[in-house]
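Take a look at the structure below.
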Amino acid sequence: MNYKVAVIPGDGIGPEIVTEAKKVLDKTGEKYGHTFEYQELLMGGCSIDAYGEPLTDETLEKARAADSVLLGAVGGDVGKSGWYKLPPDKRPEAGLLKIRKGLGLFANIRPAVLFDELSGACPLKEEITGGGFDFVVMRELTGGLYFGERKTIEEDGVLKAIDTLTYDENEIRRIARWAFDVAMKRNKKVCSVDKANVLDSSRLWRKVVKEVSEEYPEVELSDMLVDNCAMQLVRDPKQFDVILTENMFGDILSDEASMVTGSIGMLSSASLGATKLGLYEPSHGSAPDIAGQDKANPLATILSAAMMLRYSFDLEKEADAIEAAVKQVLKEGYRTIDIMDEGKTLVGTKQMGDLVAGHI
Ligand code: NAD
């Protein structure tokens, strides 16, 4: 089959890491009989330089017409680059907000995978993480406290700030379905995280998630309070498969989950909406400090491409093949500088891409 992939290399290390992900996708396509047709698009600082804005409507339209979108990273050195003298809505990162909104993406998946081979990078004790762990945090992206009404008023000479946390049942239902769909492709466990002992929005969240779970009898559902989840992530991360949660809790928990894996160059992510069209990107930024030096770790982007195959194209065995190739390369002792350890073999961005492609 032929898949149309909009590719947004972006700025900094973006073009280098995306090139390696395409290399691995092409090798996977060759082996399994698919072709990936890429359309390169500008977003971020490079789009500001070319068109005066971080994402043009025309580019957004092209992304919308693709089967899926693969993104490197956008942005430059915040202290030095002229892009940051522009008003906030004209800066590189404004392109990210515009594309997520424009593609109607409401669910974000951030996997937290501790590869056994990289356990040295994990800040947790060996007895907690031995054998590695593998779970995802699924965060609602477009509702809740960050999008509710807010105001600051003065009452009797005292300043008062008000933020509102709103969810309707449809917003909860659509992301819950994604969480259960994702769990069906994994270990069939969803842990829904809320603060139902205090918040009405959480009580509705819990009720709707329970209703959706009835459509998925094979998936085991549990509920957990967010404060407990924050503790469990460092006490016993192996217990989780899919953590489903609302926007603000997900913001915090997904960063905590990333931290327990310990290596920023390994963290992939996906943003999904009502259709199969998703946006796949590494969780890290454009790393301007190492751009153009063949030092960037391309594995987060390669693993994001594997997620694209799994969630947008339903190509399970192809996604498995990429993940297995990454594991094998790590097992053989190859490391980019960010994950380098004693006794291992240091490789650059291109060689890492070649090695993974070679193991497909
Ligand atoms: P960063 O993630 O780019 O870099 C933080 C540190 O991690 C740097 O030392 C960098 O060299 C290192 N690093 C990051 N990715 C790496 C990789 N793949 N391999 C090896 N080392 C890696 O974060 P930052 O320095 O705070 O931000 C730099 C720019 O990226 C800023 O303009 C910021 O706004 C932007 N940014 C973009 C995104 C995105 O595109 N989604 C996300 C975060 C930050």
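The values are calculated or read from the model by the stated rules, or taken from the named source; none is laboratory data. Quick caveat, the model's predicted, so the values are computed rather than measured. Counting neighbours? That spans all protein chains shown, and the Cβs are built from the backbone with ideal geometry, glycine included. Remember, those area values only see protein heavy atoms, side chains included, never the ligands or the DNA or RNA. Shrake-Rupley method; radii C 1.70, N 1.55, O 1.52, S 1.80 Å.
Highest mean first, the peptides 91-97, 329-335 sorted by other C-beta atoms within 10 Å per residue fall in the order 91-97, 329-335.
For the pair LYS4 and GLU155 in one chain, pulling the backbone fully straight at 0.36 nm per residue adds 48.8 nm over the alpha carbon distance. One chain, two ends: PHE147 and GLU127. Fully extended at 0.36 nm per residue, the span grows by 3.1 nm beyond their Cα-Cα distance. Each of MET138, MET1 has its accessible area taken with a 1.4 Å probe; listed largest first, they run MET1, MET138. Only helical runs count toward this figure. For the chain, summing -39,500 (n - 2.57) over DSSP H runs of n ≥ 4 and dividing by all residues gives -12000 deg cm²/dmol at 222 nm.
Amide H to amide H, with H built 1.01 Å from N, SER192 comes under 5 Å of SER222, ASP223, MET224, LEU244, counting only residues 5 or more places away or on other chains.
Ranking MET224, MET248 from most to least accessible surface, computed with a 1.4 Å probe over the protein chains only, gives MET248, MET224. Note on segment 62-164: with charges restricted to the Cβ of Lys and Arg (+1) and Asp and Glu (-1), its dipole about the Cα centre is near 760 debye.
Rolled with a 1.4 Å probe across the full set of protein chains, the surface gives VAL226 an accessible area near 20 Å². Ligands, DNA and RNA are left out, and with a 1.4 angstrom probe the accessible area of the chain is 44 Å² per residue. Of the accessible area of segment 1-120, computed with a 1.4 Å probe over protein heavy atoms only, carbon and sulfur atoms account for 53 percent. Under 13 Å of direct C-alpha separation, and excluding same-chain neighbours fewer than eight residues apart, LYS344 reaches these aspartates and glutamates: GLU117, GLU332.
Pop the C-beta distance of ASP341 and TYR51 into the FRET formula with R0 = 30 Å and round what comes out to the nearest 0.05. Once the sixth-power term is evaluated, E becomes 0.10. Here, segment 111-176 yields an orientationally averaged convex hull projection of 8.1 nm² when only Cα atoms define the hull. Restricting the calculation to Cα atoms, the chain yields a radius of gyration followed by a Dmax of 20.5, 71 Å. Per-residue accessible area (protein heavy atoms, 1.4 Å probe) orders ILE252, ILE8, ILE290 as ILE252, ILE290, ILE8, starting from the largest.
The lysines within cross-link reach of LYS23, meaning a Cα-to-Cα straight distance under 20 Å and a gap of 8 or more places when in the same chain, are LYS4, LYS31, LYS295, LYS317, LYS327, LYS350.
When a 1.4 Å probe is rolled over the protein heavy atoms, the share of accessible surface on segment 202-360 that falls to carbon and sulfur comes to 53 percent.
Each residue was assigned an accessible area with a 1.4 Å probe, and for THR56 the value is about 20 Å². Listed by chain and number, the lysines placed with their C-alpha closer than 16 angstrom to that of LYS189 are LYS210, LYS238; residues fewer than eight positions away on the same chain are left out.
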